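K.L.:
Can you read through this structure? Questions will come right after.
The values are calculated or read from the model by the stated rules, or taken from the named source; none is laboratory data. The structure displayed is predicted, hence computed values, not measured ones. Glycine also receives a Cβ, built like all others from the backbone with ideal geometry; neighbour counts cover every protein chain displayed. For accessibility, only protein heavy atoms count, side chains too; no ligands or nucleic acids. Shrake-Rupley method; radii C 1.70, N 1.55, O 1.52, S 1.80 Å.
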Amino acid sequence: GAVVSQHPSWVICKSGTSVKIECRSLDFQATTMFWYRQFPKQSLMLMATSNEGSKATYEQGVEKDKFLINHASLTLSTLTVTSAHPEDSSFYICSARIDTYNEQFFGPGTRLTVL
Amino acid sequence: AQRVTQPEKLLSVFKGAPVELKCNYSYSGSPELFWYVQYSRQRLQLLLRHISRESIKGFTADLNKGETSFHLKKPFAQEEDSAMYYCALSAIAAGNKLTFGGGTRVLVKP
């Protein structure tokens with residue numbers, strides 16, 4: 001149980017285009033999901049907290065207009081990278097939390113490459 | 001602000017030798033500490049958390065509030081323990097979001 005999926009697993013896009021990444025909790029409901037970014041050989045950096053039915057909470061230094069987050073249901077959060085540029089190329093990881101246990105379950109990640 | 005430090009980027013040990021991964025944290029309140037592991041080409045998964053006080057895959061970790069540490073230990077490392085290990089902290093006052101350390105890569109040699 002407690003499986004989180006991400007789609008797509010990898011994406012290559014041209015500079016200036018927008019890319020949407022989906023995060024789904026497959027067998028549980030999550031009022032809170034998180035989006036992280038991971039650069040090569042580095043740790044996970046929290047980008048934002050996604051709250052079902054309300055606006056996301058962004059970490060300091062993360063542009064909310066650049067990284068649009070929508071948590072429309074208890075099993076789905078989406079991250080849209082708008083007007084992507086090569087510096088946005090990274091590994092994006094989501095997690096979904098089971099509040100009762102305060103435990104986060106992680107997705108497999110999405111590798112974004114912007115040409 | 002909460003901060004997690006893992007001073008070792010790489011630990012290389014021989015099979016059967018003990019291994020200890022250091023983790024220090026800074027937080028003024030009462031945090032919850034976790035160890036996550038990421039095996040090659042797999043997603044991040046929880047290894048253990050301090051409130052459960054259990055041993056998982058032979059690993060243990062004790063929260064030392066005096067030294068603000070949560071070191072991960074295993075007396076006899078196995079080759080399948082080779083992975084990336086992340087120490088993480090969460091706090092209710094901060095919305096229970098996780099702050100990760102920089103990670104330690106463990107390589108267990110045969």
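K.L.:
Only one residue in A:S77, A:S54, A:S90 is among the small types (G, A, S) and within 16 Å of A:L26 (Cβ to Cβ). Which one?
P.N.:
Of A:S77, A:S54, A:S90, the one residue that is among the small types (G, A, S) and within 16 Å of A:L26 (Cβ to Cβ) is A:S77.
K.L.:
A further question follows. Mind checking which residues of the stretch A:18-31 are in contact with a strand residue (DSSP E or B) (Cβ under 8 Å, 6 or more places away or on another chain) and assigned to a loop (DSSP other than H, G, I, E, B)?
P.N.:
A:S18, A:L26, A:F28, A:A30, A:T31
K.L.:
When residues of the stretch A:7-37 are filtered for being farther than 22 Å from A:N102 by Cβ and among the polar types (S, T, N, Q), how many remain?
P.N.:
Applying the first criterion (farther than 22 Å from A:N102 by Cβ) to the stretch A:7-37 yields A:7-22, A:37.
Right, trim to among the polar types (S, T, N, Q) and you get A:9, A:15, A:17-18.
Looking only at that region, the number is 4.
K.L.:
Kindly establish whether B:A61 is within 14 Å of chain A (Cβ to nearest Cβ) and either open to solvent by 30 Å² or more (accessible area, probe 1.4 Å) or of a type in the set (A, V, I, L, M, F, W, C) (or both). Give the derivation first.
P.N.:
Numbers: within 14 Å of chain A (Cβ to nearest Cβ): no; either open to solvent by 30 Å² or more (accessible area, probe 1.4 Å) or of a type in the set (A, V, I, L, M, F, W, C) (or both): yes.
So B:A61 does not fit the description; no.
K.L.:
Of all residues in the stretch B:79-103, count the ones that are within 15 Å of the chain's Cα centre (by Cα), closer than 16 Å to B:R43 by Cα and not in a loop (DSSP other than H, G, I, E, B).
P.N.:
Of the residues in that region, 8 qualify.
The rows are residues; the columns are (1) out of contact with any helix residue (DSSP H, G or I) (no Cβ under 7 Å at 6 or more places or on another chain); (2) within 11 Å of chain A (Cβ to nearest Cβ); (3) open to solvent by less than 50 Å² (accessible area, probe 1.4 Å); (4) not in a strand (DSSP E or B).
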| position | (1), (2), (3), (4) |
| --- | --- |
| B:S12 | yes, no, no, no |
| B:Y25 | yes, no, yes, no |
| B:G29 | no, no, yes, yes |
| B:R41 | yes, yes, no, yes |
| B:L48 | yes, no, yes, no |
| B:E67 | yes, no, no, yes |
| B:K73 | yes, no, no, no |
| B:A77 | yes, no, yes, yes |
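K.L.:
If a residue must be in a loop (DSSP other than H, G, I, E, B), among the hydroxyl-bearing types (S, T, Y) and away from chain B (no Cβ under 11 Å), how many such residues does the stretch A:34-82 contain?
P.N.:
Of the residues in the stretch A:34-82, 3 are in a loop (DSSP other than H, G, I, E, B), among the hydroxyl-bearing types (S, T, Y) and away from chain B (no Cβ under 11 Å).
K.L.:
Out of (1) of a type outside the set (A, V, I, L, M, F, W, C); (2) in a loop (DSSP other than H, G, I, E, B); (3) in contact with a strand residue (DSSP E or B) (Cβ under 6 Å, 6 or more places away or on another chain); (4) away from chain A (no Cβ under 12 Å), the odd one out for B:P7 is which?
P.N.:
For B:P7, the failing item is (3).
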